[in-house]
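The next block holds one structure in the form of structure tokens; read it before the comments.
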Amino acid sequence: MNNKKIKLFIIAAYYPPIISVASQRIHALAKYIDKSLYEVYVLVPSNDKVNSDIEGVNVISIKAKSIIQYAKFDKNTSYLIHKLKALWNRILINFSISHYRNYEKPILKIIEKFVDNNPFVVITSSPPIEMLHIGISLRKKYNQCRWIADLRDALSNNPYIPKSQRHKHLLVEDSVLNNADAIVSVSMPIVGNLRAKSNRDIPIVEIRNGFDFEARLSFNFNNQFTIVHAGTFYANRTPETVFCAFENLLKKQQIDDFKLILVGQTSAITIPDTIKPYVQRIDKVPYTEVVKLLRIADALLLIHPPSDYKGVFTAKLFDYLGAMKPIIAAIDTNDVAAQLIKDCQAGFIANFYSIEEIEQAILSAYTLWKNKQTLNFNTSLIYLHHRAYQVKLYEQLIYKVLYEN
């Protein structure tokens, strides 16, 4: 190795101040990557201001003109307006209309200014798939380019993609498998699916989402049993079965001194009248504020329904683990999230569709709070899910594509 720093270009549609898990993931990658080895550039397709708060990281906001925009949501949006906005976004998706297409050429032109004859690394974060188009173009144009495709979700077999878009995603997937120097995804089932489709000997590895704060065990207990759910509800990821469980527990008088805090966009859900007095809604807040809410909770609620698409942790799970509060999980009991919770000894697992199992999980966490007890967390495993450690795995992969392939 020579002593000259390698240029590393991270291309992502989500970056602070956007409030999202995808944004935090890329921010952490830029923050923890070794600046003594890499000259880091983050290119963000955005006409708005983006944060440039990390020493040694050059954040470049790429502007482009776009007439058509996706609708945005907030907690003050009425149910009808929320549905109309969702319909508008769905129409754009079904007709394959994305304003991100307008950013591809400007991003390529910016990178062209920095490229010399030395090897450089490009990491593209997807979705949206337009970021992958940029990686494909760069890899084809520059022999000295090493491209890592970071797929937070699967492509062709992602169940949340409209049927009209599956062929398009399949073509992109084929192109990624044929051109990328390495591929990253968040779980082994997704990695295994991609490996089965690949006919090239390239690294296809799991690098999980993580948490980005100091994980520590605390023994504070609220006067009222306080459960926090962080994140949005969409598609079939909805809280109806959990609401039913709370209603039943109220009717049976097994629990009455509780508060359920829903953090994030929740305007699309209907809360039953019987539990409305116990529910507090908070709009999207910055990551640091989410962490504070998780840490003061007595339990954390995780909701995700089963599907044929395996390998979904849901990114909030890692923040839940770092907060070290008992998790009440209404999920697929046969998928990766359930296994990780078991391995970390971090909570109580219930079948998403079993109201009775969800009731029992709530009561188990409630009993811990009542007795001022907590769980015997597997802290050593939890610590390994800090984003700084996950970025070390990324550094190993970058070294591999630069010097071992």
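Readers should treat all values here as calculations from the given coordinates under stated rules, not as data from a laboratory. Owing to the predicted nature of the structure, the values given are computational and were not obtained by experimental measurement. For neighbour counting, all protein chains shown are included, and Cβ atoms are generated from backbone atoms with ideal geometry for every residue, glycine included.
What the table below lists for this structure:
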| quantity | calculated |
| --- | --- |
| Per DSSP, loop trypsin sites (Lys or Arg not before Pro) in region 193-260 with at most 12 further Cβ within 10 Å | ARG200, ARG216, LYS252 |
| Length gained when the stretch ASN378-VAL115 is fully extended (0.36 nm per residue, less Cα-Cα span) | 90.1 nm |
| Ranked list, fewest to most other Cβ atoms within 10 Å of each Cβ, for SER185, SER137 | SER137, SER185 |
| Acute angle (nearest 10 degrees) that the helix 387-403 long axis makes with the longest principal axis of the chain, alpha-carbon atoms | 20 degrees |
| Centre separation in Å (Cα based) which lies between region 109-180 and region 20-42 | 18 Å |
| Part-to-part distance (alpha-carbon centres) for region 277-295 and region 341-397, which is given in Å | 19 Å |
| Signed unit charges on C-beta, dipole axis of region 225-383, positive-most listed residue SER354, LEU368, TYR234 | LEU368 |
| Summed side-chain charge close to ARG295 - residues other than ARG295 whose Cβ falls under 12 Å, Lys, Arg +1, Asp, Glu -1 | -1 |
| Net charge, ASP256 excluded, C-beta distance under 13 Å - Lys, Arg +1, Asp, Glu -1 | +2 |
| Trypsin sites (Lys or Arg not before Pro) restricted to DSSP loop in region 275-339 with at most 11 other C-beta within 10 Å | none |
| Relative contact order %, the chain, counting alpha carbon pairs below 8 Å whose residues are six or more apart | 15 percent |
| Spin-label pair PHE221/ASP273, simplified geometry with 7 Å Cα→Cβ offset, distance in nm | 3.5 nm |
| Counting DSSP beta bridges with both ends in region 225-383, the antiparallel % (nearest 5) | 5 percent |
| Diffusion constant of region 248-311 at 37 °C, which comes from Stokes-Einstein with the Kirkwood Cα-pair radius and 0.692 mPa s, µm²/s | 233 µm²/s |
| Largest-first principal axis extents of the Cα set of region 225-383 (Å) | 41, 37, 32 |
| Relative contact order, percent, region 225-383 [alpha-carbon distance under 8 Å, six or more residues apart] | 23 percent |
| Neighbour net charge for LEU402 - beta-carbon separation under 10 angstrom, K R +1, D E -1 | 0 |
| Structure-based [θ]222 nm, the chain - -39500 (n - 2.57) summed over DSSP H runs of at least 4, per residue, nearest 500 | -12000 deg cm²/dmol |
| Spin-label pair CYS244/GLN396, simplified geometry with 7 Å Cα→Cβ offset, distance in nm | 4.4 nm |
| Relative contact order (percent, whole number), region 166-287, Cα cutoff 8 Å, 6+ residue spacing | 19 percent |
